[in-house]
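The values are calculated or read from the model by the stated rules, or taken from the named source; none is laboratory data. Keep in mind that this is a model prediction, so the values were computed, not measured. Glycine gets a Cβ as well: all are built from the backbone with ideal geometry, and neighbour counts include every protein chain shown. Side chains included, ligands, DNA and RNA excluded: accessible areas come from the protein's heavy atoms. Shrake-Rupley method; radii C 1.70, N 1.55, O 1.52, S 1.80 Å.
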Amino acid sequence: MTRRGKAARQGYDGVVAAVPITIPYQRYSPEPAHWWIARALGDLVRTAGITPQDVDGFCVSSFTLFPDTAVGLTQHLGLTPRWLDHIPMGGASGVVSLRRAARAVQAGDAEMVACVSGDANHVDSFRRMLSSFSRFAQDASYPYGSGGPNASFGLMTDHYMKTYGVTREDFGRICVAQRENALSFPHALMKKPLSLEQYIAARPISDPIALFDCVMPCAGAEAFLVMSETAARDLDLPAVRILSTIERHNAFPDDPIQMRGGWEMDREEFWALAEVTPGDVDLLETYDDYPVISMMQFEDLGFCKKGESADFVRSHDLTNGGSFPHNTSGGQLSVGQAGAAGGYLGMVEALRQVTGTALGNQVEDANLAIVSGFGMINYDRGLCSGAAILAGPGA
C-alpha cells in the first residue's frame, strides 16, 4: 500500500492492443446498432485471422443498443465469451474498455477480448435519445426546452473564456487544424477545407458556441482487440503496448462550473507509471465534443499549465505534420460523432498511427501516443474521464 492507503497502480506488462477497425460512418442509416457492431466484429476477426469462437472476451459500448446490452448481443452474434462487459460511458468508453479488457487478459479471465462500440443514427433517433439520456435530462433540462448538451457546454465555454482570456479564434485554431487532418482521412464526413474566417462567421448555436464547435451525429462503429503480446506475435499482428492508464468519475464535484476533469487528479501517477513525460509524446488524441474540452485536456494532462491552453494552441501547429499533432484523423468535429463510437475514435486512430498504418496522413516517427476520453454530460458537466499512454513497436 502507498502512504495514502491506496493500492499502488500496476503496469500492463505482456498485454497489447491491436487490429484497429472502423466501419465507415454514414450521416443517417436505417440499420440498428446491432448491425454496426456486428460489422465491426466481423472485420475484427477477419483482419486478425481468427474465428468468432476465438473471441472469449467481449466489451461493448452503445447508446442505441437498447433494449439489448452486451449479453443480448452474445446470442445475436453467436458468441460464447467467458468474460463480458458493457461500458455505457460515452466519450470515455474507449479508454475504460481498454483498461477493463487489459486487466481481464492479464488475470487470465480472457485470452482475446473484442472491444466494440457502435451506434445507429436514424432521422429522429438523436432527438429521442436526448429526451431520455439520463434522469437529469428527463427531469431538469429536456422538459424546459434544452434539447442536449449545447446549452451546458455554452455555459462552460463562456466561463472558461472569461476566466482565462480565451478567444473564439483560439478555439477556431483547434477546429481548423482538425479539418485539415480530416481531409486525408477517408472516413471523415467533413471533407471541405475550413478557414478561420469561416469558423468565426458560422451561425451561432448556444452562445458562445457556433456551428463548427459542435459535432455532427452520425452512424458508425469502431473496434480493436486486446490480447497477450505472445498471441499478437503468433498472429503476426502489429500491436501497441499499454504503458499507463487512468480513469476518474465525478471529479471535483464542488466546482460550480466545470473547468477541469479527472485527469488532473491522477496526472502524476499517470506519467510516473509509464516513465515518460509530456515532452516525449508524438501525438495526442483528445475527446472533442467541443473544443473547450480539448483545451481542458491539454492542461489537465500536463501539456501546459491551467489557464495556458490558449497560448499553447497559439504557439503550436496541431496538424499531422506540425509541432504537436492533435486528433490526427480530424476528431469528432470533422469525422463525425457516431454515438458512443466517438469515444473509440481516438483510440483506434492512435493504434494506427503508432503502428505506422494510418489511413490518412501518417505522423512522422509516431511511437508514443496519448488517448484521452471524456463523457456522460449530466445536466451541467461531464462525469467520466480517462487517458491511456500507448507505445508502438518502435518505442
Query - Given (1) over 26 Å from residue 20 (Cα atoms); (2) polar (S, T, N, Q); (3) without any contact (Cβ under 8 Å) to a residue 24 or more places away in the chain, index of the condition residue 309 fails - result: (3)
Requested in this report: Return the residue satisfying two criteria in turn: it lies in the range 73-89 and is touching a helix residue (DSSP H, G or I) at 6+ places or on another chain (Cβ under 9 Å) and in a helix (DSSP H, G or I), and of such residues it is surrounded by the most Cβ atoms within 10 Å (Cβ to Cβ).
Outcome: 73
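In the set 367, 361, 327, which member is closer than 15 Å to residue 182 by Cα and open to solvent by 10 Å² or more (accessible area, probe 1.4 Å)?
On the way: 367 fails: closer than 15 Å to residue 182 by Cα; 327 fails: open to solvent by 10 Å² or more (accessible area, probe 1.4 Å).
Just one listed residue meets the conditions, 361.
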Query raised in the report: Do we have any residue at all in the range 36-43 that's assigned by TED's automatic domain parsing to the domain that holds residue 88, more than 21 Å from the chain's Cα centre (by Cα) and acidic (Asp, Glu)?
Result: no
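Kindly establish whether residue 346 is out of contact with any helix residue (DSSP H, G or I) (no Cβ under 6 Å at 6 or more places or on another chain) and assigned to a loop (DSSP other than H, G, I, E, B). Can you show your working first?
Numbers: out of contact with any helix residue (DSSP H, G or I) (no Cβ under 6 Å at 6 or more places or on another chain): yes; assigned to a loop (DSSP other than H, G, I, E, B): no.
So residue 346 fails the test.
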Report summary line: If we ask which residues in the range 360-382 are assigned to a loop (DSSP other than H, G, I, E, B) and β-branched (Val, Ile, Thr), their number turns out to be 1
Query raised in the report: Does residue 385 qualify as being part of a helix (DSSP H, G or I) and either closer than 18 Å to residue 115 by Cα or modelled with pLDDT of 95 or more (or both)?
Result: no
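Mind checking which residues of the range 278-301 are free of Cβ contacts under 8 Å to residues at least 12 places away in the same chain and of a type in the set (A, V, I, L, M, F, W, C)?
none
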Query raised in the report: Restricted to the range 158-178, and to residues that are open to solvent by 20 Å² or more (accessible area, probe 1.4 Å), part of a helix (DSSP H, G or I) and not hydroxyl-bearing (Ser, Thr, Tyr), which residue is farthest from residue 285 (Cα to Cα)?
Result: 162
Report task. Might you let me know whether the range 244-266 holds any residue that is open to solvent by 40 Å² or more (accessible area, probe 1.4 Å), more than 24 Å from residue 165 (Cα to Cα), in contact with a Gly (Cβ under 9 Å, 6 or more places away or on another chain) and among the aliphatic types (A, V, I, L, M)? Result -> no
Query - Single condition residue 295 does not satisfy, out of (1) under 30 Å from residue 33 (Cβ atoms); (2) open to solvent by less than 10 Å² (accessible area, probe 1.4 Å) - result: (1)
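Going by the conditions given, is residue 272 of a type outside the set (Val, Ile, Thr), open to solvent by less than 20 Å² (accessible area, probe 1.4 Å) and either farther than 25 Å from residue 348 by Cβ or not assigned by TED's automatic domain parsing to the domain that holds residue 337 (or both)?
For residue 272, the condition - of a type outside the set (Val, Ile, Thr), open to solvent by less than 20 Å² (accessible area, probe 1.4 Å) and either farther than 25 Å from residue 348 by Cβ or not assigned by TED's automatic domain parsing to the domain that holds residue 337 (or both) - is not met.
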Query raised in the report: Filter the range 14-67 for residues that are outside any strand (DSSP E or B), open to solvent by 10 Å² or more (accessible area, probe 1.4 Å) and of a type in the set (A, V, I, L, M); which is farthest from residue 122 (Cα to Cα)?
Result: 50
Query raised in the report: Has the range 90-108 got any residue that is modelled with pLDDT under 95 and either outside any helix (DSSP H, G or I) or under 15 Å from residue 339 (Cα atoms) (or both)?
Result: yes
Report summary line: With the first residue restricted to the range 75-87 and required to be assigned by TED's automatic domain parsing to the domain that holds residue 98, and the second required to be hydrophobic (A, V, I, L, M, F, W, C) and not in a helix (DSSP H, G or I), Cβ contacts under 6 Å at 6 or more apart or on different chains are 79/58; 81/58; 83/110; 84/58; 85/59; 86/60
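Listed here are the residues, each with its yes/no results for (1) surrounded by fewer than 16 Cβ atoms within 10 Å (Cβ to Cβ); (2) within 30 Å of residue 48 (Cβ to Cβ).
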position	(1), (2)
202	no, no
213	no, no
230	yes, yes
233	yes, yes
236	yes, yes
241	no, yes
Report summary line: Per the list (1) open to solvent by 10 Å² or more (accessible area, probe 1.4 Å); (2) part of a loop (DSSP other than H, G, I, E, B); (3) acidic (Asp, Glu), residue check on residue 288 breaks on (1)
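Matching residues to (1) modelled with pLDDT of 95 or more; (2) in the same structural domain as residue 62 (by TED's automatic domain parsing); (3) in contact with a helix residue (DSSP H, G or I) (Cβ under 7 Å, 6 or more places away or on another chain); (4) more than 30 Å from residue 16 (Cβ to Cβ):
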{"position": "179", "(1), (2), (3), (4)": "yes, no, yes, yes"}
{"position": "185", "(1), (2), (3), (4)": "yes, no, yes, no"}
{"position": "188", "(1), (2), (3), (4)": "yes, no, yes, no"}
{"position": "193", "(1), (2), (3), (4)": "yes, no, yes, yes"}
{"position": "197", "(1), (2), (3), (4)": "yes, no, no, yes"}
{"position": "201", "(1), (2), (3), (4)": "yes, no, no, yes"}
{"position": "226", "(1), (2), (3), (4)": "yes, yes, yes, no"}
{"position": "262", "(1), (2), (3), (4)": "yes, no, no, no"}
